[in-house]
1. For region 108-234, what is the per residue volume of the convex hull drawn over the alpha-carbon atoms, in cubic angstrom?
2. If neighbour count is taken as other Cβ atoms inside 10 Å, put S155, S113, S9, S250 in order from fewest to most.
3. Hey, could you pull the Cα Rg and Dmax for the chain, both in Å?
4. Please arrange H15, H165, H244 by counting, for each residue, the other beta carbons lying within 10 Å of its beta carbon, fewest first.
5. Which order do R257, R166 fall in if you start with the one that has the fewest other Cβ atoms within 10 Å?
6. Which percent, nearest 5, of DSSP beta bridges in region 90-171 are antiparallel?
7. Connecting C-alpha atoms closer than 10 Å in a GNM of the chain, tell me which of A198, A184, A276 has the biggest fluctuation.
8. Less than 9 Å Cβ to Cβ from R108, Lys/Arg counted +1 and Asp/Glu -1: what total charge do the surrounding residues give?
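What follows is calculated from the coordinates using simple rules that are stated; it is not laboratory data. Everything numeric here is computed off the predicted structure, so don't read it as measured data. Neighbour counts are summed over all protein chains in view; Cβ atoms, including those assigned to glycine, are modelled from backbone coordinates with ideal geometry.
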Amino acid sequence: MWQAHYVKSALEQAHPGLQVEIMGMTTAGDRNKTSPLSQMGGKGVFVKELETALLEKRADIAVHSMKDVPAVLPPGLELAAICEREDPRDALVTNNFASLQDMPAGARIGSSSLRRRLQLRQSRPDLTYLELRGNVDTRLRKLDEGDFEGIILASAGLKRLGLAHRISAAIEPEICLPSAGQGAVGIECREDAAAVKALLVAINHVDTQFGVTCERMISSGLGASCSLPIAAFARIADGQITIHSYVSDSQGSTTLRVVRSGPRQLGIDLAREVTAELIAKGAMALITPAA
């Protein structure tokens, strides 16, 4: 809902006189707070109902966390705008420790993301990683009640909800590479909605859109669903782009990392190169059993 209100405000500020109505919806991912996302079909369970509303013309736009949007969209829909990215990093939230490295062996770390759990295990294999579902308030409450010594959440979500003070330490991408699109808010609409797309141009952030597009090309090129331990992150600065990628099997026993850098305008080509190298190194064999 924060994201929906954010986009509503941005559109109304960009287009004086425009009225945007929010149609609140819950999704399968919201309703089922117990099953692991990897068993439910991935994070796409957070967007399916919204896309149905678009296709049935009950809604003009759908607002998503880009990390929840599958690499391939349903026919007739497109991502028309992506707003400026917030902090893309994952965050450690804990009440008693300053960082992941400060936590004692055996400490319980909660996360809904297999990608996060597998990468953090490479850095701290002596910690205990457990599934944790629910909204942010539910997860924080479980931490505060002592079910976990620490939990992993997206920095962007905590900051947007006014909970930046709960972040004990940001986890750098070198330790835990973010999911493609993490920290970015995307707006989906029908391909034939020309008037709607014209309105969305004003709130599109070009660098964010380009970087996220490069990241999503890697996921798409691997035929990946959001349930797989795959990560991609593009940094754009001073006319250069650097694309980092991570792929693992579902157990974390074999991992691949590929990085490419070059001029910003070559970002799409670099994303293709990253994807090709991951495939050449055996990425498809790693992810196919978990698909």
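1. Working: hull volume 17.3 nm³, N = 127.
Here the figure is 137 Å³ per residue.
2. S9, S250, S155, S113
3. Considering the chain through its Cα atoms, Rg and Dmax are 18.8, 57 Å.
4. H165, H15, H244
5. If I rank by nearby Cβ atoms, fewest first, I get R257, R166.
6. Within region 90-171, antiparallel bridges account for around 55 percent of the total.
7. Greatest mean-square fluctuation among the candidates belongs to A198.
8. -2
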